[in-house]
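Values quoted throughout were computed directly from the atomic coordinates according to the rules given, and no laboratory measurement underlies them. Because the structure is a prediction, the values reported are computed rather than measured. Cβ: placed from backbone, ideal geometry, glycine included. Neighbour counts: every protein chain shown.
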């Protein structure tokens, strides 16, 4: 019986390459990436990945990833601590972008600096996912513009006035008064537990 192609392994190699170089390579390098000896073998893999919805052809006739290319397996059950049960082949999958971002054109990523929100679990080096032009309510985490600088705080009410509340007792509550300008509402947070690539 002929060996069945392992397209999930090919996809994984291509995803690893794309994560590093942000491009789908040409046929020559793809032979090495996919560990295939022939251009014809590479072409067949690419066509199967296109049929499965992971790749598409651009108007410039180049290969490009689709939204499905970025989907990641979602554990079958939430686990307070320990190892989650991974998805099985064909299980539910999500892209991080689809999970966090409702309005791509109004969403921006902002790096967090400082420790003024440390007790809210927001650390220096985190990336705040911020949705602009969204009405902010007291209790929301917001990015506000103060003196031409951005700050991330909790929007709160104090004596009937909107204030910006830090989550670290070493920092004072900010009373912006009429100068309060909300850049956007924080809708999510991204954190890497690994050092950035060098």
For region 104-190, report the % of Cα-Cα distances exceeding 22 Å. 18 percent
Inter-label distance for residue 159 and residue 35, nm, one decimal - labels placed 7 Å from Cα along Cα-to-Cβ: 6.9 nm
log₁₀ of I(q)/I(0) at q = 0.19, 0.21 Å⁻¹ - region 146-198, Debye sum with one point per alpha carbon: -0.77, -0.88
Rough spin-label spacing in nm, given labels placed 7 Å along Cα→Cβ, for residue 137 and residue 168: 2.9 nm
Spacing of the two label points (7 Å from each Cα toward its C-beta) at residue 44 and residue 147, in nm: 6.7 nm
Hey, could you grab the Kirkwood Rh for region 7-65? Inverse mean 1/r over distinct alpha carbon pairs, Å, one decimal. 11.4 Å
Gap separating the Cα centres of region 123-198 and region 1-62, nearest whole Å: 42 Å
Region 104-190: relative contact order from alpha carbon pairs under 8 Å, six or more residues apart, as a whole percent, is 33 percent
For residue 9 and residue 106, compute 0.36 nm times the residue count separating them, minus their Cα-Cα distance, and round to one decimal in nm. 31.4 nm
Starting from the Kirkwood radius over alpha-carbon pairs of region 117-162, derive D by Stokes-Einstein at 37 °C in a medium of 0.692 mPa s and give it in µm² s⁻¹. 275 µm²/s
